[in-house]
Amino acid sequence: MKSKVDTLVGEKPVATVTYQVRSWRLFNRFGPAIMLMAVVAGMSIAHPDFLTISNLMTIGLQAAVRALLAIGEVLVIISGGIDLSVGTAMSLSMVTMGLYVINSHGSLEIGMLIAIATGVLVGLVNGTLVAFLGLPPFIITLGMLGIAQGLALTLSSGFSMYGFPKEFDFLGGGQIFGIPVPIVILGVVALVASFIFRETRLGRYAYAIGGGEEAARRAGIPVRRFKVAIYAFCGGLVGISSIVLSSRINSAHPGIGIGYELDAIAAVVIGGASLMGGRGNVSGAIIGALTMAAIRFGLNVMAVTPFIQQIVIGVILIIAVYLDRLRILQEAKLDRLRAR
Amino acid sequence: MNPVIEIKGVKKSFGAVAALKGVDLDFYCGEVLAIVGDNGAGKSTLIKVLSGVYTIDEGSILIDGHPVSIKSPKDAKRFGIETVYQDLALCDNLDISSNVFLGREITKMIIPGLLKVFDHNAMRERTRAVLNDLRISSLETLTSQVHHLSGGQRQSVAVAKSVCFDARVIIMDEPTAALGVTQTRLVLDLARRLSERGCCVIYISHIMRDVLETADRIAVMKSGQVVGLRKAAETDSDELVFMMISGENRKSRQ
């Protein structure tokens, strides 16, 4: 069979190179999934009761909020940016929803729209500042991390808000055909997001901007406008995450989000995205979040303390990035070989 | 035959530096016009004026005899002027047809009036047609990411990107600066073939040998002016270099 790679290699019979390219491509594509399976397999060996449907559901449930955040974060990272404010912006979204639904006795539906609108608004501000001030996204969104946290605490006076209507519990705690609702929401969002990433300008141009901003500009893409849209998309997912998390804890907590941004970024990176931009996808982001949740859950089952868990997650993150670096170096080497 | 582009008395200054001091030049369809000149002679400024990166201070640009103003790269593209840059022209992480159609994707409605999506097949077919047309056969797969390609192949994609949209004028800015011998060959052949298809190719280069064998006419620039215009068949590199350096329009080599 004449494969794609063979034809590109051209006249030289370089079967070994082709083989290596193929295996690295496979690794590139399925690496994160293999890592997740390795983690699950490892946990199952260490603890034979680990692999049950209900345990897997629990892992999915615990991963859902971080996975939703990671889907937003990955688009930003693909475009060569980063959003450090997703965690505290999630708190802020939760608080604005709580203020409307609990304190003002507003309707739940509008409250949820307010949560999403708050997230989008934070994203719009991030995107506008990144696109038009020309400052590094790291700095802008680090500032926004503090601003959103401060706003959330100010608006809530620092207290958790309780008293959402009963039906709100369904989003975080209900089941549809035996599947926890947050997992269903994650599934639906993942499908829509995959579609956006592949089939729409927003997704395509995020990849283009991350892969070569100047080339994108010269191709006539309004780079600034799309940067704003990319951060706004991330903000929208922050809003959705805040609704799910708020329902899960049955309250609006102004301090709960801090730390989630690092988990989201870690999930994206474990999922195969590059912090240099240009690479990443929805399934990777979700797999990254699942991997982290599986590790946490497994270590819990084995009664490993949360302190040690932090260390394990940190090690996994570094290993993931190192494997990715190996892959990039290897691919660059092969490209040079074939370019001759 | 009427020129596709005429530029008349075009001046452009950056502060106190006059980069173009009144340039007159006509461009015709079906020919390769090379522009040569030392660094700082104004050739880059001249093509950036045409590709919409800079706007002119004085003078006029006529397309098909009508005066136009080119204010942005988008304007230039609308007039059928495409530029092949020597670098930073492609997004490495996208595949070939995505790069070719970047910014001008073909879409199709899947829910009428509501939902438009990319028409990947149409874009791939069109890309394949253009590559075949240009006889770029070294790119048989359109789904490989551009960073897997060699320098010459990348230039081919950049060229395909510009001809895919019925460009009439194609500016190639030192397209072979970063290329090896065989790959340079590929790009030079492409330039010839584009002009045979009826395009006007504006070819910027330092390399006299490439210019002499590829171009129909050669404009020599020095200090912001066109100091000489020759038919490639009637000149040689000694004369061109002499004009580039001295700025004199030496009539013949007697």
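The values are calculated or read from the model by the stated rules, or taken from the named source; none is laboratory data. These figures come from a predicted structure and were not determined experimentally. Ideal geometry is used to build each Cβ from the backbone, glycine not excepted, and the neighbour counts take in all protein chains shown.
A:Leu337 falls short on exactly one of the conditions (1) buried (at least 20 other Cβ atoms within 10 Å of the Cβ); (2) modelled with pLDDT under 85, and that condition is (1). Per the conditions (1) in contact with a helix residue (DSSP H, G or I) (Cβ under 8 Å, 6 or more places away or on another chain); (2) assigned to a helix (DSSP H, G or I); (3) surrounded by fewer than 18 Cβ atoms within 10 Å (Cβ to Cβ), the sole criterion not satisfied by A:Leu142 is (1).
Pairs are defined by a Cβ separation below 6 Å, a sequence spacing of at least 6 or placement on different chains, a first member in region B:197-213 that is under 18 Å from B:Met244 (Cβ atoms), and a second member that is of a type in the set (Asp, Glu); the pairs so defined are B:Ile204/B:Asp173; B:Ile204/B:Glu174; B:Ser205/B:Glu174. Number of residues in region B:50-60 that are surrounded by fewer than 16 Cβ atoms within 10 Å (Cβ to Cβ) and of a type outside the set (Ser, Thr, Tyr): the value is 2. Within region A:252-302, which residues are assigned to a helix (DSSP H, G or I) and either basic (Lys, Arg) or on the phi > 0 side of the Ramachandran plot (or both)? The answer is A:Arg296, and nothing else. Looking across A:Gly271, A:Gly212, A:Gly220, one residue alone is away from every other protein chain (no Cβ under 14 Å) and not hydroxyl-bearing (Ser, Thr, Tyr). It is A:Gly271. Within region B:79-99, the residues that satisfy the criterion of being more than 10 Å from every other protein chain (Cβ to nearest Cβ) and not in a strand (DSSP E or B) are B:Phe79, B:Gly80, B:Gln86, B:Ile96, B:Ser97. Annotation: of all residues in region B:36-49 being outside any loop (DSSP other than H, G, I, E, B) and out of contact with any Ser or Thr (no Cβ under 8 Å at 6 or more places or on another chain), the one that is surrounded by the most Cβ atoms within 10 Å (Cβ to Cβ) is B:Leu46. Scanning region B:7-30 for residues that are closer than 24 Å to B:Ser195 by Cα and crowded, with 19+ Cβ neighbours inside 10 Å returns B:Ile7, B:Val23, B:Leu25, B:Phe27. So how many residues does region A:193-220 have that are of a type in the set (A, V, I, L, M, F, W, C) and under 17 Å from B:Val146 (Cβ atoms)? Residues that pass the stated criteria total 6. Residues that are within 14 Å of another protein chain (Cβ to nearest Cβ) and either in contact with a helix residue (DSSP H, G or I) (Cβ under 8 Å, 6 or more places away or on another chain) or assigned to a loop (DSSP other than H, G, I, E, B) (or both) within region B:173-185 comprise B:Asp173, B:Ala178, B:Leu179, B:Gly180, B:Thr182, B:Gln183, listed in sequence order. If you scan region A:89-111, which residues turn out to be in a helix (DSSP H, G or I), farther than 14 Å from A:Ser242 by Cβ and without any contact (Cβ under 8 Å) to a residue 24 or more places away in the chain? Once the filter is applied, which keeps residues that are in a helix (DSSP H, G or I), farther than 14 Å from A:Ser242 by Cβ and without any contact (Cβ under 8 Å) to a residue 24 or more places away in the chain, region A:89-111 yields A:Glu109, A:Ile110. For A:Arg248, the conditions (1) within 14 Å of another protein chain (Cβ to nearest Cβ); (2) part of a helix (DSSP H, G or I) all hold with the exception of (1). Against the test of being under 20 Å from A:Ile319 (Cβ atoms), modelled with pLDDT of 90 or more and surrounded by 18 or more Cβ atoms within 10 Å (Cβ to Cβ), the options A:Val40, A:Val95, A:Val74, A:Val86 yield a single qualifying residue, A:Val74.
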